[in-house]
Amino acid sequence: MAIITDSRTGPASRTRRPLTLDSMVRSALVVLFVVLMVVFILGPLLWLGVRAFAGNWTFPNLLPDDWTLRWWQVVINDGALGVAVQNSLFFAPLTVLVSAIICLPAAYAFARFDFPGRRFFLISLFATNAFPKMGLFVTLAALFYALNLMNTVLGILVVHVLGTVVFMTWIPAAAFAAVPRNLEEAARDAGASKLRVFASVTLPMALPGIIVAAVMSFLASFDEAQGTYLVGAPAFMTMPTQMYSLVLNYPTQVAAVFSILLAIPSVALMLAAHKHILGGQLAEGFQIK
Amino acid sequence: MTTTLHKPAELEPKVPPARIGRPKRLGQRAVGFFMALPPILLIALFIGFPIVLAFGFSIGLTGGLNHTIATIGQNVHEADAWWGTLAAYQEMFTNKRFLGDLLVTVIVTLVSTVTVLFLALGIGLYLKLKGGRMARLLSGLAIVPLFIPVVIASWAILTFYSGTGFLRSVFALFGLDFPVWAFTMVTVIIGSVWTSLPFAVLMVSSGLQSVPNAMIEAARDAGAGSLRTIVSVIVPMAAVPIIIATTFTAIGIVGSFTVPYFTGPNSPNMLGVDMSNYFSAFNQPQQSAVMAFTVFLIASGIAALYVWANFRSAKEQGKV
């Protein structure tokens with residue numbers, strides 16, 4: 001596993017070298033890089049995960065002195081944390097639903113119709129991502145004060161939906177565009193109604209893209225912290241905003257337990273959709289066409 | 001992209017006669033326009049309009065919808081001319097703390113973006129040119145942060161590099177003293193790179209994968225070395241996805257809040273944190289708005305690059 005020769009890359013144009021010092025140094029460097037990446041990416045997560053089950057932990061030791069489930073008890077019995085979980089589970093599905101209703105027809109229009117202002121529309125959608133989030137929320141706050149949307153469900157919903165618009169429009173648009181037109185036309189010519197064609201040809205073929213968009217939107221809402229904090233705190237605390245106060249006011253082990261709970265939906269959804277995400281649905285969506 | 005072209009073949013003969021009955025109608029353009037309108041209206045109402053409003057507020061126009069926030073906020077500069085006043089900008093751009101934070105923001109963004117791009121290109125090229133188990137392991141690893149909420153990631157990274165963190169523990173076991181990186185800009189950069197890596201790797205490697213192998217082999221046959229092939233064939237052909245990855249990474253980092261809030265020092269810190277402090281803790285929304293527009297200015301410079309790259313690719317494909 002450790003030694004990778006380059007016998008597969010090129011055809012006969014390259015002379016095949018045996019294991020020279022040069023290629024061994026190269027393999028060693030690759031292995032070193034992989035090890036560093038493992039520590040860099042996974043290290044913090046494992047270090048945090050262990051903490052959720054740790055009793056006492058003396059400093060230079062790499063493992064805790066004793067193990068306990070006490071911190072899980074603390075989290076389960078804490079009312080405020082329970083409310084945060086409920087709030088998160090309320091806002092995330094609602095956000096996906098509202099965002100889908102607003103954005104999916106637009107995604108279809110971008111993919112299938114040529115209309116005046118199409119390119120301008122696509123670029124204004126990009127504005128939601130081009131402007132840094134915190135700056136947007138600060139400017140949004142002035143309007144929210146005037147409209148009495150501060151500390152309201154509607155206000156938080158607006159913030160969450162804004163964070164999903166790009167995912168919900170671009171990714172499904174790319175998916176709709178990838179459905180071959182002649183396939184739709186063929187179904188039409190075979191006598192299917194427009195709605196029928198959409199429901200049984202276009203939609204199923206674009207579904208992976210829509211699923212990726214829904215997953216990304218759910219997670220965007222589930223993870224949204226800065227805007228919810230600015231607009232909703234302290235009246236509405238979601239799981240991520242609760243983390244802000246948790247880290248300051250509770251033992252680190254409690255925050256570790258809470259982190260694991262907060263990560264479960266993300267990891268589960270991502271694993272379910274990872275094939276499509278890695279398959280290019282996400283990358284495809286981010287190129288304006 | 002088009003993998004299922006074989007199916008309509010049997011239906012093909014019926015196409016021409018049926019098509020005559022369906023000319024392209026002008027109504028379709030209208031339908032498209034109105035279908036695309038809702039998200040645009042949402043953005044116009046809750047992003048475009050507030051930006052205009054907040055810009056007015058930042059130059060001291062405190063009437064109308066800005067009245068409430070101007071009343072609540074402290075240290076508000078009011079307009080002394082019909083077009084407003086630059087007093088708030090003047091205050092901030094002579095404020096040492098703000099200037100320090102601005103510098104820190106620019107440095108963190110530059111260093112993190114370059115690091116992310118370097119890693120993403122390295123992993124993407126390795127995947128393209130070598131392939132194999134090690135390459136898949138690397139790209140799989142780089143995607144992991146996509147699975148983890150930023151709040152958790154920031155906190156995990158903070159504890160990992162803290163005084164009692166993993167690195168210090170390992171070094172202490174060998175009797176060595178490793179520096180404490182928690183609450184310094186080093187962890188902010190580490191956290192920014194960690195959270196930005198998946199998107200960049202996805203974009204860059206999907207771009208690199210679409211470079212035809214034949215081109216690479218042709219370059220090699222013509223005698224180009226590995227480095228030459230990468231620099232003058234592979235990277236230019238994947239330029240657009242690489243630019244998209246760069247701009248999104250840079251924009252994400254320049255306005256980031258959670259990572260620097262958790263892992264950074266009290267001062268100087270990035271503008272995202274400072275903005276939130278001025279808004280909530282200090283109750284000085286106008287100063288906060290000035291910071292927001294400073295960040296917008298930086299971001300729109302980066303965004304212009306993105307739009308330009310997309311137009312260039314559209315032009316190459318003959319779509320404009």
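The values are calculated or read from the model by the stated rules, or taken from the named source; none is laboratory data. Since this is a predicted model, take the numbers as computed values, not measurements. We place every Cβ from the backbone using ideal geometry, glycine too, and count neighbours over all the protein chains shown.
So which helices (runs of 4 or more DSSP H) are wholly in the range B:20-128 and hold at least 2 residues that are away from chain A (no Cβ under 13 Å) and either in contact (Cβ under 8 Å) with a residue 24 or more places away in the chain or in contact with a Lys or Arg (Cβ under 8 Å, 6 or more places away or on another chain) (or both)?
The helices (runs of 4 or more DSSP H) meeting that bar are B:87-93.
Does B:ALA222 satisfy the criteria of being among the small types (Gly, Ala, Ser), surrounded by fewer than 24 Cβ atoms within 10 Å (Cβ to Cβ) and touching a helix residue (DSSP H, G or I) at 6+ places or on another chain (Cβ under 8 Å)?
Spelling it out, it is not the case that B:ALA222 is among the small types (Gly, Ala, Ser), surrounded by fewer than 24 Cβ atoms within 10 Å (Cβ to Cβ) and touching a helix residue (DSSP H, G or I) at 6+ places or on another chain (Cβ under 8 Å).
Are there any helices (runs of 4 or more DSSP H) wholly within the range A:170-238 with 2 or more residues that are over 30 Å from A:LEU143 (Cβ atoms) and in contact (Cβ under 8 Å) with a residue 60 or more places away in the chain, and if so which?
Ranges flagged: A:203-223.
Take the range A:160-169 and flag every residue that is in a helix (DSSP H, G or I) and under 13 Å from A:ALA92 (Cβ atoms).
A:HIS160, A:VAL161
Does the range A:127-157 hold any residues that are free of Cβ contacts under 8 Å to residues at least 12 places away in the same chain and crowded, with 21+ Cβ neighbours inside 10 Å, and which are they?
A:ALA130, A:PHE131, A:PRO132, A:GLY135, A:THR139, A:ALA142, A:LEU143, listed by residue number.
Quick one: B:PHE174 ticks every box in (1) at pLDDT 85 or above; (2) at the interface with chain A (Cβ under 8 Å from one of its Cβ atoms) except a single one, so which number is it?
Here B:PHE174 clears every test but (2).
Using the structure shown, decide if B:ALA239 is more than 10 Å from every other protein chain (Cβ to nearest Cβ), surrounded by fewer than 21 Cβ atoms within 10 Å (Cβ to Cβ), more than 20 Å from B:VAL114 (Cα to Cα) and of a type outside the set (Lys, Arg).
no
So which of A:ALA106, A:ALA146 is at the interface with chain B (Cβ under 9 Å from one of its Cβ atoms), in contact with a Ser or Thr (Cβ under 7 Å, 6 or more places away or on another chain) and over 30 Å from B:MET270 (Cβ atoms)?
Result of the check over A:ALA106, A:ALA146: A:ALA106.
If the Cβ limit is 9 Å and pairs must be 6+ apart or interchain, which residue in the range A:239-261 that is facing chain B (nearest Cβ under 9 Å) and over 14 Å from A:GLY82 (Cα atoms) pairs with which residue that is part of a helix (DSSP H, G or I) and of a type in the set (S, T, N, Q)?
A:TYR244/B:THR258; A:THR252/B:THR159; A:ALA256/B:THR159
Determine which member of the set A:ALA235, A:ALA268 is facing chain B (nearest Cβ under 10 Å), out of contact with any helix residue (DSSP H, G or I) (no Cβ under 8 Å at 6 or more places or on another chain) and of a type outside the set (Ser, Thr, Tyr).
Of the residues listed, the single one that is facing chain B (nearest Cβ under 10 Å), out of contact with any helix residue (DSSP H, G or I) (no Cβ under 8 Å at 6 or more places or on another chain) and of a type outside the set (Ser, Thr, Tyr) is A:ALA268.
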